[in-house]
Amino acid sequence: MNGKRTISLIVPIYNEEKNINNFYQALTVILANSAGFDYEMIFVNDGSADQSAALIEQLARADDRIKYLEFSRNFGKEIATTAGLNNARGDAAIMIDADLQHPVELIPEFIAKWQSGAEVVVGVRKTNQGEGLVKKIGSGLFYNIINRIAEVKIIPQATDFRLIDRAVIDEFNRFTENNRMTRALIDWLGFKRDYIYFNANPRRDGKAKYGFWKLFRLAVSSFVSLSLLPLKLAGYLGMLIVFFSGVLGLYILVGKYIFHLNYASSFSGPAQLAILIIFLVGIILMSLGLIALYIADIHGQVAYRPLYVIRKNNFFD
Ligand code: UDP
Ligand code: MG
């Protein structure tokens with residue numbers, strides 16, 4: 001121990017054989033220029049099928065600041081960053097992509113904001129060169145919807161490129177839910193935040209692993225884990241249907257059998273039957289909505305989030 005604080009760099013890696021060495025070179029240059037801290041680099045190899053594992057092991061032999069975790073298969077970036085955080089020993093952790101899209105030059109700025117008191121420093125993307133229109137529209141839509149329905153606000157363009165303080169890491173490690181989005185969980189935790197705006201570089205080499213469908217699945221599972229609205233929607237729809245078909249049905253029944261009015265007999269038998277069936281469908285949907293309320297309860301309990309998060313206390317002083 002030399003009294004220096006340690007910073008853990010967490011790097012998820014999936015088939016990045018063409019980027020790993022460049023990334024490592026760029027990183028070491030930056031770290032050498034920001035002495036004053038000890039660093040550990042945690043490479044989480046998320047089941048790469050290429051030479052990534054061999055390259056990481058080779059680097060680790062030459063540089064004892066490198067720690068690695070090798071997954072038995074691909075578990076996804078969210079799980080990879082989680083594993084990194086679970087094993088980080090630093091006083092703060094910085095999560096950064098291996099494809100050089102997150103500029104390593106900004107690492108000192110993240111650290112500076114942390115030293116001036118921020119507990120979460122979030123990298124926010126200004127532009128993203130080389131990103132398709134579909135992805136742009138998709139992500140715009142995603143943030144728009146999720147911010148309307150989820151209980152935590154998510155800043156659009158906020159990336160996984162972030163620094164979190166030890167206090168936040170410890171709280172993060174208490175999460176037990178399987179279906180997770182790392183940055184959303186960090187946002188949920190709160191703490192003092194600061195932002196760094198950056199231009200994302202185009203991916204250095206290889207392809208983005210998150211294609212349209214993988215992103216789509218991530219978006220859907222975030223909706224499901226952050227909000228219960230999709231579940232309740234069926235119930236609301238049922239209420240609407242029951243209301244309108246009920247009113248219409250009553251209008252016909254009352255007109256026909258009580259007041260014996262003409263308009264009522266102009267609804268044919270099949271039409272009346274149709275209204276009855278629609279009414280019953282409405283009741284079924286409403287029951288689904290009701291079940292949704294119970295599932296919501298179970299969902300909340302099963303996700304097993306901490307009830308509250310404490311920044312500081314003096315109980316153990
Ligand atoms: N990644 C991972 N597991 C995956 C997909 C990606 O660990 O299943 C890593 C990848 O190697 C990279 C980072 O996560 O370091 C970001 O991936 P990518 O560049 O494909 O995502 P994008 O930049 O499009 O968000
Ligand atoms: Mg990328």
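The values are calculated or read from the model by the stated rules, or taken from the named source; none is laboratory data. Being a predicted model, the structure only gives us computed values, none of them experimental. Neighbour counts are summed over all protein chains in view; Cβ atoms, including those assigned to glycine, are modelled from backbone coordinates with ideal geometry. SASA here: full protein model, heavy atoms, side chains in, ligands and nucleic acids out. Shrake-Rupley method; radii C 1.70, N 1.55, O 1.52, S 1.80 Å.
So here's what we get for this one:
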item: Residue ID - nearest to G190 (Cα to Cα), chosen from residues in region 300-317 that are open to solvent by less than 100 Å² (accessible area, probe 1.4 Å) and in contact with a helix residue (DSSP H, G or I) (Cβ under 8 Å, 6 or more places away or on another chain); result: V309
item: Members of region 195-209 that are at pLDDT 70 or above and either surrounded by fewer than 17 Cβ atoms within 10 Å (Cβ to Cβ) or in a loop (DSSP other than H, G, I, E, B) (or both); result: Y195, Y197, N199, N201, P202, R203
item: Filter result for S52 (small (G, A, S) and in contact with a Gly (Cβ under 8 Å, 6 or more places away or on another chain)); result: no
item: Wholly enclosed strands (runs of 3 or more DSSP E) of region 3-117 bearing at least 3 residues open to solvent by 10 Å² or more (accessible area, probe 1.4 Å); result: 5-13, 37-45, 66-70
item: So Y263, is it more than 30 Å from I145 (Cα to Cα) and open to solvent by less than 80 Å² (accessible area, probe 1.4 Å); result: yes
item: Hits in region 97-113 - residues which are in contact with an Asp or Glu (Cβ under 8 Å, 6 or more places away or on another chain) and either small (G, A, S) or modelled with pLDDT of 95 or more (or both); result: A98
item: Residue count for region 254-267, restricted to those that are without any contact (Cβ under 8 Å) to a residue 12 or more places away in the chain and either within 26 Å of G238 (Cβ to Cβ) or assigned to a helix (DSSP H, G or I) (or both); result: 8
item: Restricting region 220-248 to residues that are small (G, A, S) and at pLDDT below 90, the residue that is surrounded by the most Cβ atoms within 10 Å (Cβ to Cβ); result: S222
item: Residue match in region 133-143 (condition: surrounded by 15 or more Cβ atoms within 10 Å (Cβ to Cβ), touching a helix residue (DSSP H, G or I) at 6+ places or on another chain (Cβ under 6 Å) and aromatic (F, W, Y)); result: yes
item: Any hit, region 143-151, residues being at pLDDT below 85, within 14 Å of F223 (Cα to Cα) and in contact with an Asp or Glu (Cβ under 8 Å, 6 or more places away or on another chain); result: no
item: Test: residue in region 288-310 that is over 30 Å from G117 (Cα atoms), of a type outside the set (F, W, Y) and not in a helix (DSSP H, G or I); result: no
item: Selection status of F161, closer than 27 Å to G47 by Cβ, of a type in the set (F, W, Y) and in a helix (DSSP H, G or I); result: no
item: Lone unmet requirement of (1) surrounded by 15 or more Cβ atoms within 10 Å (Cβ to Cβ); (2) modelled with pLDDT under 80 for I275; result: (2)
item: Flag for I56 being touching a Ser or Thr at 6+ places or on another chain (Cβ under 8 Å), among the β-branched types (V, I, T) and away from ligand 2 (no atom under 16 Å from the Cβ); result: no
item: Failed condition for Q301, given (1) in contact (Cβ under 8 Å) with a residue 40 or more places away in the chain; (2) within 30 Å of R174 (Cβ to Cβ); result: (1)
